[in-house]
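A short write-up of the structure that comes next.
The values are calculated or read from the model by the stated rules, or taken from the named source; none is laboratory data. Since the structure is predicted, the reported quantities are computational estimates derived from the model, not experimental observations. We place every Cβ from the backbone using ideal geometry, glycine too, and count neighbours over all the protein chains shown.
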Amino acid sequence: MKYLVCEQPGNFLLKEKEVPQRKQGEALLRIRKVGICGTDLHAYSGNQAFFTYPRILGHELAAEVVEIDTNEQGINSGDRVVIMPYVNCNNCIACRNGKSNCCTSLKVLGIHTDGGMQEIITLPSKLLIPAGDLTYNEMAIVEPLAIGAHAIQRAALQKKETIVVLGCGPIGIGIMKLAQISGVKVIAIDINQSRLDYAKEKIGVDFTVLAGEEAVKDVSDITNGDMATAVFDATGHKGALEFGTNYMAHGGRYILVGLSKGDLVFNHPGIHAKETTIMCSRNATLKDFKYIIDILEKKLFPTDSFVTHEVNFNDMITNFDSWLDPANGVIKATVNF
């Protein structure tokens, strides 16, 4: 069977190996589609936290079951499944408190352990979720949208709030749309005008602001001086992360969804004056995944415009570099197996 491995930053190789053997409690899966996310791009570029090489990337996965034991989910051979790529221990303080998404020994496929950029894979059956009538494209975007759903749940958004979302990449776009569905007004901020145009025209955000010297004033004008009651960072960029509280209202929340590799510095008087709540949002839970599957089944998310690039796995290596360039208009790239 064939697989793609990131040997070191900037270097993918297409290799072959034996088909893995399934153990008790595991399923043998045929990967059908892999979504490419910011984590994969950062790993390829050499600036991904919690990462070692070589690594088989891929954690946004659509799969078909080849073999499986009797299981609680009622999944059978031939079924199509969404994969939760978070392998947790079920024993630590986080897992015992229902926060398996931040398990103390969490292993995320494609980051801490090898992921889904391979034709056949074995995984614990407990990580599988029936995909119902979702298309392969819809299945492959459940995980990134679930990250957005988890961030919104963390923020406890209320109807009629006005929020800022920094970054119109896949995670940011997911947060924007899901926030709208919950009845919230959204201000999208990005450095790329074409991505702002996408957020306005395809996602339907209420306001767009081009990042720059006037951005804080623009948000102030939009909110009549109140600023945003919640600000979500979906950039993972150190500068953006440190500046984000400037868009936030007094008494507001700042939700860090994007991940920066280094330290962050905040002006304490500035965040103290606002009684700022700063929270991180990591990964997603089973509840988030099921919520997103329901959203996609109801066709409430514009999958067709969201998935902008598709290639066969044999062609991924020659295309990957182009996905790093914002000028190529990539929102979500996917690889077909």
Can you pull out every residue in the range 207-218 that is over 22 Å from the mean Cα position of the chain (by Cα) and closer than 27 Å to residue 300 by Cβ? 207, 209
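For residue 78, are the conditions met, namely being at positive phi, modelled with pLDDT of 95 or more and of a type outside the set (Lys, Arg)? First the steps, then the outcome.
Working: at positive phi: yes; modelled with pLDDT of 95 or more: yes; of a type outside the set (Lys, Arg): yes.
Taking the combined requirement at face value, the residue satisfies it.
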May I ask you to list the residues in the range 225-247 that are aliphatic (A, V, I, L, M), closer than 13 Å to residue 189 by Cβ and buried (at least 24 other Cβ atoms within 10 Å of the Cβ)? 228, 231, 234
Quick one: count up the residues across the range 157-178 that are surrounded by fewer than 24 Cβ atoms within 10 Å (Cβ to Cβ) and touching a strand residue (DSSP E or B) at 6+ places or on another chain (Cβ under 8 Å). 4
Would you mind finding the one in 317, 293, 331 that is of a type in the set (Val, Ile, Thr), touching a residue at least 60 places away in the same chain (Cβ under 8 Å), in the same structural domain as residue 7 (by TED's automatic domain parsing) and over 16 Å from residue 173 (Cβ atoms)? 317
Only unsatisfied item for residue 175, checking (1) β-branched (Val, Ile, Thr); (2) farther than 25 Å from residue 278 by Cβ; (3) under 15 Å from the mean Cα position of the chain (by Cα), is (2)
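Name the residue that is nearest to residue 40 (Cα to Cα), counting only residues in the range 6-21 that are surrounded by 12 or more Cβ atoms within 10 Å (Cβ to Cβ) and of a type in the set (D, E, K, R). Break it down into steps so the answer makes sense when it comes.
We begin by selecting, within the range 6-21, every residue surrounded by 12 or more Cβ atoms within 10 Å (Cβ to Cβ); these are 6-9, 11-15, 17, 19-20.
Subset that is of a type in the set (D, E, K, R): 7, 15, 17.
Details: 7: 13, 15: 18, 17: 22 Å.
The qualifying residue nearest to residue 40 (Cα to Cα) is 7.
Would the range 276-294 turn up any residue that is in contact with an Asp or Glu (Cβ under 6 Å, 6 or more places away or on another chain), within 25 Å of residue 143 (Cβ to Cβ), in a strand (DSSP E or B) and at pLDDT 95 or above? Quick ask: steps written out before the conclusion?
Of the range 276-294, the ones in contact with an Asp or Glu (Cβ under 6 Å, 6 or more places away or on another chain) are none.
No: zero hits.
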Of the residues that sit in the range 1-23 and are aliphatic (A, V, I, L, M) and not in a loop (DSSP other than H, G, I, E, B), which one is farthest from residue 122 (Cα to Cα)? 13
Looking at the range 180-196, which of its residues are among the β-branched types (Val, Ile, Thr) and in a strand (DSSP E or B)? 186, 187, 189
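Of all the residues that make up the range 58-73, how many are out of contact with any Lys or Arg (no Cβ under 7 Å at 6 or more places or on another chain) and farther than 20 Å from residue 292 by Cα?
Of the residues in that region, 6 qualify.
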Can you name every residue in the range 57-77 that is of a type outside the set (D, E, K, R), assigned to a loop (DSSP other than H, G, I, E, B) and over 18 Å from the mean Cα position of the chain (by Cα)? 68, 70, 71, 73, 74, 75, 76, 77
